[in-house]
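First comes the structure, then the notes that go with it.
The values are calculated or read from the model by the stated rules, or taken from the named source; none is laboratory data. Just so you know, these numbers come straight off a predicted model, no measurement behind them. Here Cβ is always computed from backbone atoms with ideal geometry, including for glycine, and neighbour counts include all displayed protein chains. The protein model used for the area step is the full one, side chains on, heavy atoms only, and it has no ligands, DNA or RNA in it. Shrake-Rupley method; radii C 1.70, N 1.55, O 1.52, S 1.80 Å.
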Amino acid sequence: RPDTAATGAAAEDAALAHLRASGLQLLARNVRYPFGEIDLVMREGATLAFVEVRYRSNSAFGGAAASVTRSKRRKLARAAQAWLGAHRAFAAAPCRFDVVAVSPGAMDAPQCEWLRAAFTMNDVW
């Protein structure tokens, strides 16, 4: 649906602005593989952050962060492995998986909750 796509893109824009304001550098956006997708690949110093952006209009059912299911974590981890395989310069870099939970804010300014290292590879398999 066009409205859903526009809302998702706006949430990613808000998350990207939030992370950039915190000093992270964008390496890639909307990386798609048949088995998974990475919303944002960011770098903070020497560390890579594979970022899942979740938008929820309310916190029913646990909110945005809780919506990153085990299946979604697995898909993100597989996509991260593929991205690292294609970008050998980063193969030895420390990595983490972050979630940015985006929700509506006052005066149409989205609120971003950044969860650094929201899960690890141990949480995936």
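Taking strands (runs of 3 or more DSSP E) as the structural unit, those lying wholly within the stretch 3-98 and holding at least 1 residues that are open to solvent by 50 Å² or more (accessible area, probe 1.4 Å) and out of contact with any Leu (no Cβ under 9 Å at 6 or more places or on another chain) correspond to 25-33, 47-55.
Residues in the stretch 13-26 that are without any contact (Cβ under 8 Å) to a residue 60 or more places away in the chain and not small (Gly, Ala, Ser) were compared, and the one that is farthest from Leu48 (Cα to Cα) is Asp13.
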